[in-house]
Each structure stands twice: as C-alpha cells, then as structure tokens.
Amino acid sequence: MYLLNLFCYLITVLAGGTGSIKLIRGLSSITSELFIIVNVGDNFWLHGLYICPDIDTTIYGLAGILDKKRGWGIKDDSFNFIKNMKKLDEDSWFKIGDKDLITHIIRTKLINEGLSLSQATRYICRKYRIQNDVIPATDTPIETRIVTDKGDLNIQDFWVKFKGKPRVHDVYYNNIENAKSNKQVIKSLRSSRSIIIAPGNPVSSIGPIISIKSVYEELKSNKDKILAISPIIGRKPISGPAGKYLKSKNIEISPLGIAKFYSKFIRKLVVHNSDLNFADSIMNINVKTYNTNIIMRNKRDEVNLAKFISTIW
Ligand code: FO1
C-alpha cells in the first residue's frame, strides 16, 4: 500500500537559484512526497570551504530559516566572520553569514572525510529537520562558467564579485560530459507521477541539471508527465540575470523562448495571466500553456501556484 502511494503521488522538482524555492515551499505545503533535484553548477570552493548555494537555499527555505529578502543565506544572520576576514585582507566579496558558515564547515568536513555530496547533503538535511529529499543533480563536480568581455569567469565571480556587469558572450558547464547523475535522481524521475521544472534561471539553474546526459535521456522518455513554470513574464525575467544568459545562447526572452528551450521534454508550460497571447505559438511546438498568477510575493501566492499546478499535473 505504501509503495503504491509512493508511485502515485511522488512529485519531483528540478530546482536551483532563488526563483525555485518559493515554488518548492508551496509544493511542500500541499504534498509530503516531494523530491527536489538541485543544481550544483554554482558550487565552488572559497576559504577552503565547499559552498553549495542552491542546495543551501533549498534547505534553508524548507527549514523556514531562509533570508527571504536576499533570497540566500539565513535570516537574522550576523556577518562577523566575513568582516574579520576583510580586516585581515582576505576575500570578502562573498558574504557568508556566521550561521551559514556552519553549514559550509560541516559539509566540507564530511566531504574531506570521504562522503559524497549527496551523503553530506542528506546529513545536513537531517540536522535542519528537513522531511523532503534534497538531491544534488550529480556528485561529479561541475562548474557553470560565464564567458564575458572581462574573461571566462566562474558564475559566482561574474554574479557576485563583478555584480553581473560584464557583457556575456556564452555560458557553459565545465566537466558536464563526465557528470554521472545520482541513482536517486533517475529513480525519482522514473517513479514520479509528475516532474516539475521550477521557474529558475533556465541557463544557470536548470541548464546544468538537464545537461547531464542520463538526466536528459530520462526526461525525454518521461515527457508526458513534465511541466515547467515560465521564469519570464512578457519579455522580462522575473528576477536575476536570466535575460543576459538567454541572450548569449540566442534564446528568445519570452515564454515562447522558454517553451522552445524545454520543448524536447515538456508537454505543459504554466505562464502568467498576461501572457496568454503566446499560447498559439507555443501550441505550434506541441506544448500546451496554462495561465495563472506566477508571481510569488508571499506564502499565499506560493501555495496558490502549487495548488494550480496540482490541478494539471
Ligand atoms: N549572492 C550575492 O549576490 N552576494 C553574496 O554575497 C552572496 C553570498 C552568498 C552566501 C551563501 C549562499 O548560499 C549564497 C550567496 N549568494 C550571494 C547567492 C548566490 O551567489 C547566487 O544567488 C546563487 O548561486 C544563484 O543560484
């Protein structure tokens, strides 16, 4: 009976970045059978610590301790560590909070002891009392790189150190050809009733996940149960540098561009109420649009969008 339930109701979300966590919170309030496959292209080493921003945003969001205003880090955190690093002339452009620092220390310790990123993530989830499964898309180190007029940059250098200002020529994922998906990733995609692509940045948050060969193949063979939520309203991204990244990849900045980008493996795209005019052109590439309010300003918006999705999955 339990197994039957699991196979009927399991929902998997592909997520990354600050845009995804709002939907994850909404979904977690309407289902307990939620698997979250998280982007790891943003992971990087700094001060001898392994930092995984998208995994941590997901964990903090589910634990109810995320700094919602920033969209990253822990709410009401202090910044003594980074202030003192600065005093001693160490790098201080990446604002690691004091409580957040503990997560990076624990993860780095576990990885240095020989645990995989998935094992370390499971351990940290338990410590933060997370009920849901937060699964790194791969345990293979991959790195999102942004090719700019200021050079070929790590994504955190581009976005945080250089404040997203350089002109973007291309985005690529270093070592993606060697990335092996986690067994649990394939299992959850296969056994889920529905797979949801969160409204994260298609190039930097979802891109690294769907570029893992085995994940891509699995998604293609599960097309009928996959839906995406557009991270674009009209001709503008809801937040962040999606516009710059999409442009560098020659992807139209619109819900149609998103539908085309995901068209190999989605059947449905949820767009904002004001974007119904894209429905016909999206239908021409065999993707059906559904419209609702996709701007999540508060808990009620998050739950409403999750409930809407549950009527079409
Ligand atoms: N983003 C910033 O814009 N500035 C920061 O100083 C910063 C620190 C930071 C610390 C921990 C963490 O988990 C995330 C942090 N982020 C910061 C967010 C992060 O750089 C990106 O928004 C994500 O990588 C996007 O997916």
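Readers should treat all values here as calculations from the given coordinates under stated rules, not as data from a laboratory. This is a predicted model, so every value here is computed, not measured. Note that we place each Cβ from the backbone using ideal geometry, even for glycine, and neighbour counts take in every protein chain shown.
Which value in nm describes the separation of the simple spin-label points at Asn80 and Ile111, placed 7 Å from the Cα toward the beta carbon?
Distance between label points: 2.6 nm.
For Thr289, enumerate residues with amide H under 5 Å from its amide H, sequence gap 5+ or separate chain, H modeled in the peptide plane.
Distant-sequence amide H within range of Thr289: Leu269.
Tell me, Lys68, Lys75, Lys244 in order of fewest to most beta-carbon neighbours within 10 Å?
Values: Lys68 17, Lys75 14, Lys244 23.
Ordered by Cβ neighbours within 10 Å, fewest first: Lys75, Lys68, Lys244.
For Gly19, which sequence-distant residues (separation of 5 or more, or a different chain) have an amide H within less than 5 Å of its own amide H, given hydrogens modelled in the peptide plane?
Result for Gly19 returns Asn201.
Could you work out the equivalent-ellipsoid semi-axes for segment 53-107, taking the square root of 5 times each eigenvalue of the Cα gyration tensor, largest first, in whole Å? Before the final figure, lay out the partial values.
Numbers: eigenvalues 89, 25, 16 Å².
That gives 21, 11, 9 Å for the three semi-axes.
Given the -39500 (n - 2.57) contribution per DSSP H run of 4+ residues, what per-residue ellipticity at 222 nm results for the chain, rounded to the nearest 500 deg cm²/dmol? Mind showing how you got there, number by number?
On the way: 13 runs with 119 residues, N = 313.
One gets -11000 deg cm²/dmol as the mean residue ellipticity at 222 nm.
Take the Cα atoms of segment 194-313, build their convex hull, and give its volume per residue in Å³.
Details: hull volume 11.6 nm³, N = 120.
Each residue corresponds to 96 Å³ of Cα convex hull volume.
Where Lys and Arg each count +1 and Asp and Glu each count -1, what net charge lies around Asp77 among other residues with Cβ under 14 Å from its Cβ? Can you show the working numbers first?
Working: positive: Lys68, Lys69, Arg70, Lys75, Lys83, Lys95, Lys99; negative: Asp56, Asp67, Asp76, Asp98, Asp100.
Taking every Cβ under 14 Å from that of Asp77, the sum is +2.
Sum up the charges of everything whose Cβ sits under 15 Å from the Cβ of Gly207, counting Lys and Arg as +1 and Asp and Glu as -1, but leave Gly207 out.
Working: positive: Arg145, Lys213, Lys244, Lys247, Lys249, Lys260, Lys264; negative: Asp42, Asp54, Glu143, Asp170, Glu177.
Once all neighbours under 15 Å are counted, the net charge is +2.
Let me have the relative contact order for the chain, percent, based on Cα pairs under 8 Å that are six or more residues apart.
Reported as a whole number, the value is 20 percent.
Run the reach check for Lys86 against aspartates and glutamates, Cα to Cα strictly under 16 Å, same-chain hits fewer than 8 apart removed. What comes back?
Straight-line reach from Lys86, under 16 Å: Asp98.
What are the ³J(HN,Hα) values, in whole Hz, obtained from phi via the Karplus relation 6.51 cos²θ - 1.76 cosθ + 1.60 with θ = phi - 60°, for each residue of segment 97-113 in sequence order, with x given for Gly and Pro?
Using θ = phi - 60°, the values come out as x, 5, 6, 4, 3, 4, 4, 5, 5, 4, 4, 5, 4, 5, 5, 5, 7 Hz.
If the reach is capped at under 15 angstrom between alpha carbons, list the aspartates and glutamates near Lys247, excluding any in the same chain fewer than eight residues apart.
Straight-distance partners of Lys247: Asp149, Asp170.
Hey, could you get me the Stokes-Einstein D for segment 160-206, Kirkwood radius over alpha-carbon pairs, 37 °C and 0.692 mPa s, rounded to whole µm² s⁻¹?
On the way: Rh = 14.0 Å.
In µm²/s, the coefficient is 234.
Listed here are the pairs Lys163/Lys244; Lys69/Lys236; Lys22/Lys163; which of them are more than 19 Å apart at the Cα?
Over 19 Å apart, Cα to Cα: Lys69/Lys236; Lys22/Lys163.
With only Lys, Arg, Asp and Glu charged, each at its Cβ (+1 for the first two, -1 for the last two), find how big the charge dipole of segment 80-133 is about the Cα centre; round to the nearest 20 debye.
Numbers: 11 positive and 7 negative charges, 53 e Å.
The calculated dipole for segment 80-133 is roughly 260 debye.
Quote to one decimal, in nm, the extra length available between Ile295 and Asp67 on full extension: 0.36 nm per residue of separation minus the C-alpha distance between them.
Full extension of this stretch gives 80.2 nm more.
If each residue's Cβ is checked for other Cβ atoms within 10 Å, how do Met296, Met283 rank with the fewest at the top? Numbers along the way, then the final one.
On the way: Met296 22, Met283 12.
So the ranking, lowest neighbour count to highest, is Met283, Met296.
Taking a temperature of 4 °C and a viscosity of 1.567 mPa s, what whole-number D in µm²/s does Stokes-Einstein yield for segment 111-193 with Rh from Kirkwood over alpha carbon pairs? Please list the in-between numbers first.
Values: Rh = 15.1 Å.
Translational diffusion coefficient: 86 µm²/s.
Quantify how much of the Cα-Cα distance distribution of the chain extends past 31 Å, in percent. Let's see the in-between values first.
On the way: 12730 of 48828 pairs.
Counting pairs separated by more than 31 Å, the tail of P(r) holds 26 percent.
Kirkwood hydrodynamic radius (Cα pairs, Å) of segment 67-167?
15.8
Past 23 Å, Cα to Cα, is the threshold; run Lys223/Lys299; Lys165/Lys268; Lys75/Lys187; Lys183/Lys307; Lys187/Lys223 against it and keep the listed order. Please list the in-between numbers first.
On the way: Lys223/Lys299 30 Å; Lys165/Lys268 34 Å; Lys75/Lys187 34 Å; Lys183/Lys307 29 Å; Lys187/Lys223 15 Å.
Check vs 23 Å cut-off fails for Lys223/Lys299; Lys165/Lys268; Lys75/Lys187; Lys183/Lys307.
Stokes-Einstein at 25 °C, 0.890 mPa s, Kirkwood radius from Cα pairs: D for segment 4-71 in µm² s⁻¹?
Details: Rh = 12.9 Å.
Stokes-Einstein gives a translational diffusion coefficient of 190 µm²/s.
How far is it, in nm, from the label point at Glu252 to the one at Thr311 when both lie 7 Å from their Cα along the line to the Cβ?
Result: 2.8 nm between the two label points.
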